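Here the structure is laid out as structure tokens; the discussion comes afterwards.
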Amino acid sequence: MTAADIQERPQNEELVRVDFDDRVMIITLTRPDALNALCRKLISQLNSALDQAENDTRIGAIVVTGVGKAFAAGADISEMKNLTFAEVAEKDFIQPWERLSRCQKPVIAAVNGYALGGGCEMAMMCDIIYASDQAKFGQPEVTIGTMPGAGGTQRLTALVGKAKAMELCLTGRMITAQEADVMGLVTRVIAGDSLMKETLEIAHKIANFSAPVVRMIKEAVNDVSEIPLVGGIRMERRMFQSTFALDDRKEGMTAFLEKRPAAFKHR
Ligand code: DAK
């Protein structure tokens, strides 16, 4: 199967567009009239795309971005407005959003504009966040009488610390990409017109490394917040040792010593 074959596969329509670029799946939120607000249908299409990526061994990395001036301006307020407590509790509202955080393949957020509320939470579920210099971040839920519900109070605090997370969640203040960078919320700020090009370069780089090794690294880094240090170090050592069961580990080291690029087979 060649890259050209991959690119010819049918693409998702409507609120989420799916494109393929060699081993990278690009998921674009395409609801610009509502600033890519995360309605149920959009989340469902996003999750289908993630399932597709997860089940396709030809995909080694995923990029999530948005069209227009927003990455995503949060959950769809018009869809939420008339819901009652009983309804959101019964349907475990927002729970499907967690699909992104459970993705085993590396996910890069290319934040092109507003990433607010659920949009900021969605970016934080990704593994790497590249922000356009025009991007804006915030947790404005307090201004509409609610609170972050998809990890905002938890992941933001882990990334920027209590003092800054408190201010952002309690005031709803929007911050620039540059401020988000200084705080440690994003990986790097990139000029808007270079955002996708530079993001794809990194995505291709990751996607072409050994897929099982990449998966183990992602799992080990994510375990930091869940496992005490001693257990985490032990787990990491065992995972490291297990890479010696991979053909890719042998190939990577051999290629280095033979001064040639490695030809990983993802096994
Ligand atoms: N939902 C629905 N529509 C939205 C939207 C949103 N979040 N954000 C923007 N839009 C729509 C606007 O209504 C407008 O539609 P039309 O009037 O044209 O039909 C269109 O997008 C363009 O928006 P604006 O006219 O407002 O554009 P501006 O450039 O003037 O302003 C803005 C851009 C991003 C500053 C502004 O649109 C804005 O403040 N948007 C809302 C941001 C926000 O508050 N986001 C947080 C949403 S709450 C829960 C779990 C999670 C949540 C809740 C509950 N539970 C577990 C129960 C979470 C929530 C959220 O994310």
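With charges set only on the Cβ (+1 for Lys and Arg, -1 for Asp and Glu), what does the dipole of the chain come to about its Cα centre, in debye to the nearest 20? Walk me through the numbers before you get to the answer.
Numbers: 32 positive and 35 negative charges, 144 e Å.
Dipole size: approximately 700 debye.
Spatial offset of region 145-196 relative to region 45-87 amounts to 19 Å, using the alpha carbon center of each.
Say the cut-off is 24 Å between C-alpha atoms; which of 105/250; 69/91; 136/164; 105/265; 197/265 go over it? With Cα atoms farther than 24 Å apart: 69/91; 197/265.
By the compact-protein rule of thumb, 2.2 N^0.38 Å, the alpha-carbon radius of gyration of region 83-144 corresponds to a ratio of 1.30. Entry note: region 25-154 has Rg to Rh equal to 0.95, where both radii use alpha-carbon atoms and Rh is the Kirkwood radius. Between rounded, prolate and oblate, where does region 111-267 land on the alpha carbon gyration tensor, with a ≥ b ≥ c its root eigenvalues, rounded for a/c under 1.5, else prolate if a/b exceeds b/c? Because a/c hits 1.5 or more and a/b fails to exceed b/c, region 111-267 counts as oblate. Each stretch of four or more DSSP H residues adds -39500 (n - 2.57); spread over every residue of the chain, this sum gives -12500 deg cm²/dmol at 222 nm.
Restricting to Cα atoms and excluding each atom paired with itself, what does the Kirkwood estimate give for region 211-267 in Å? 12.4 Å is the Kirkwood radius here.
For the chain, what is the accessible area per residue in Å² when the probe is 1.4 Å? It would help to have the intermediate numbers written out before the result.
Details: 14120 Å² over 267 residues.
Heavy-atom SASA per residue in the chain reads 53 Å².
Of the solvent-accessible surface of the chain, computed with a 1.4 Å probe and all protein chains present, 57% belongs to carbon and sulfur. Rounded if a/c is under 1.5, else prolate if a/b beats b/c, else oblate: with a ≥ b ≥ c from the C-alpha gyration tensor eigenvalues square-rooted, which is region 180-245? Since a/c reaches 1.5 but b/c is at least a/b, the shape of region 180-245 is classed as oblate.
Taking amide H positions as modeled 1.01 Å from N, with prolines and chain starts lacking one, the residues under 5 Å from residue 64 and 5 or more places away or on another chain are 27, 108, 109, 110. When 264, 85, 209 are compared by accessible area of protein heavy atoms, the largest-first order is 85, 209, 264, using a 1.4 Å probe.
Distance between the modelled labels on residue 243 and residue 193, one decimal in nanometres: 3.9 nm (7 Å Cα→Cβ projection). When the Cα positions of 64, 115, 125 are compared along the charge dipole of the chain, 125 comes out farthest toward the positive end, with charges on each C-beta of Lys, Arg, Asp and Glu. For the chain, the alpha-carbon coordinates run over 61, 48, 40 Å along the three principal axes, in decreasing order. Database remark: amide H of residue 24 closer than 5 angstrom to the amide H of 60 (H placed geometrically; neighbours at sequence offset of 5 or more, or on other chains; Pro and chain starts carry no H).
The values are calculated or read from the model by the stated rules, or taken from the named source; none is laboratory data. What you are looking at is a predicted structure, and each value in this text was computed from that prediction instead of being measured. So basically every Cβ, Gly included, is an ideal-geometry build from the backbone, and we count neighbours across all protein chains shown. For the accessible areas, the whole protein counts, side chains as well, though only heavy atoms, and no ligand, DNA or RNA atoms are used. Shrake-Rupley method; radii C 1.70, N 1.55, O 1.52, S 1.80 Å.
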